[in-house]
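Notes follow once the structure below has been shown.
The values are calculated or read from the model by the stated rules, or taken from the named source; none is laboratory data. These numbers were taken from a predicted model, which means no experiment stands behind them. Here the Cβ positions follow ideal geometry from the backbone for every residue, glycine too, while neighbour counts run over all protein chains shown. Surface areas here come from the heavy atoms of the whole protein model, side chains and all, with no ligands, DNA or RNA. Shrake-Rupley method; radii C 1.70, N 1.55, O 1.52, S 1.80 Å.
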Amino acid sequence: MSIEQAKEWLAQAESVAVLIGAGVSAESGIPTFRDSGGLWRNFRPEDLATPQAFHRDPTLVWEWYEWRRNLVRNCRPNPAHEALAVLDAGKPRFLLITQNVDRLEERAGAKRIARLHGSIWDVRCTACSHSDIIYGPFEELPPRCGCGGILRPGVVWFGEALPRQQWDAAYRAATTAELFLVAGTSAVVYPAAGLVAAARDSGARVIEVNLEATGHTLAAHVALRGPAGVIFRELAA
Ligand code: BJW
Ligand code: ZN
């Protein structure tokens, strides 16, 4: 099955859902998690992105997030984000389901987005109910709330529930879409990874875009190999 087939399906579909992961931001200069040269320095995600890790050493976890915040601040959306914004503008029913926390989709102009894993710019207090969006760098780590409590990143760590409304919207879109695109994700983190099988079981045509084969490849009707920026531009052309 070819890119021509994928283009035809995409052009015909009135309802499209797209699940993206770190690979879609890779061409913006943001490292992925699990590729070689990925984000985890000397840590496994399961050891750093957990409430337990934060409880043990909030400064270490914040140093990692502050490093990433600085990196993302200097990055721009790439042609994949731009192509997704064009799809959003052109399809009657559309949802961009993102596992990414960088908000580059929004900066590219996409509007209908479900953020499954939160945002790197959101913070919330671990002691009171205060939450905020803070874009600039922090003066000290860990940053503190007005109440004196330690602030935490507004992202979803392992063992934490996904935001309910975003998840419900994502599941609804996946199980009602005519076409489901999955791009730049390694298919290992649940429940997001389960959306692909849910979409296929509900009758969607599934197209995968990735540099390499993943656990999603067998569920895909078409698997397109290459950088997301290049493939999405071709798909949207
Ligand atoms: C390109 C490219 C280019 C590169 N072009 N492609 C045992 C079995 C099954 C599940 C579990 C289990 N034990 C625990 C669980 C559940 C757990 C889980 O899934 N664990 C597995 C790892 C085993 N999940 C959870 O805990 C979730 N919560 C949950 O289940 O809650 C239950 C609950 C219910 C009620 C109450 C309480 C709890 C939460 C998961 C949260 C994940 N969080 C992170 C961090 C977010 C914040 C942050 O960014 O710091 O999310 S982990 C990290 O992985 C991040 C990502 O969104 C996520 C997915 O990674 P992604 O995007 O797929 O990146 P990579 O690097 O893995 O892959 C990149 C891909 O791109 C590769 O395929 C490349 O080839 C490709 N690529 N360049 C195209 N240019
Ligand atoms: Zn507080």
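Each principal axis of the Cα cloud of the stretch 26-138 was evaluated for its coordinate range; sorted largest first, these ranges are 47, 38, 24 Å.
Across the chain, the mean sequence separation of Cα contacts (distance under 8 Å, 6 or more residues apart), normalised by length, yields a relative contact order of 25 percent.
Sequentially through the stretch 190-197, phi angles give Karplus couplings (6.51, -1.76, 1.60; θ = phi - 60°) of 9, x, 3, 4, x, 5, 5, 5 Hz, Gly and Pro residues having no value and appearing as x. Computed on the stretch 95-209, with alpha-carbon pairs under 8 angstrom and 6+ residues apart, the relative contact order is 22 percent.
With Rh defined as the Kirkwood radius, the inverse of the mean 1/r over Cα pairs, the Rg/Rh of the stretch 51-204 is 1.00. For the stretch 94-237, the fraction of 1.4 Å probe accessible surface lying on carbon and sulfur atoms is 52 percent. Think of a 1.4 Å ball rolled over the protein heavy atoms: the chain then has 47 Å² of accessible area per residue. For GluC sites (Glu not before Pro), the sites in the stretch 1-73 that DSSP calls loop and that have at most 16 other Cβ atoms within 10 Å are E14. The loop-placed trypsin sites (Lys or Arg not before Pro) in the stretch 17-81, going by DSSP, that have at most 12 neighbouring Cβ atoms within 10 Å of their Cβ come out as R41. Applying the criteria of a DSSP loop state and at most 15 other Cβ atoms within 10 Å to the GluC sites (Glu not before Pro) of the stretch 77-113 yields no site. Positive contributions from Lys and Arg (+1) and negative ones from Asp and Glu (-1), summed over other residues with Cβ under 15 Å from the Cβ of S186, come out at -1. Converting phi to 3J(HN,Hα) with the Karplus coefficients 6.51, -1.76 and 1.60 and the offset θ = phi - 60°, the stretch 116-132 yields 6, 10, x, 9, 6, 8, 7, 9, 8, 7, 7, 10, 10, 8, 5, 9, 7 Hz in sequence order, with x at every glycine or proline. For G118, the residues whose amide H sits under 5 Å from its own are V156, ignoring neighbours fewer than 5 places away on the same chain, with H placed 1.01 Å from N. The simple Förster model, with R0 at 35 Å and r as the Cβ-Cβ distance, assigns R76 and Y190 a FRET efficiency of 0.70. When the inverse distances between all different Cα atoms of the stretch 144-237 are averaged and flipped, the Kirkwood radius reads 15.1 angstrom.
If you wrap the tightest convex hull around every Cα atom of the stretch 121-170 and split its volume per residue, you get 102 Å³.
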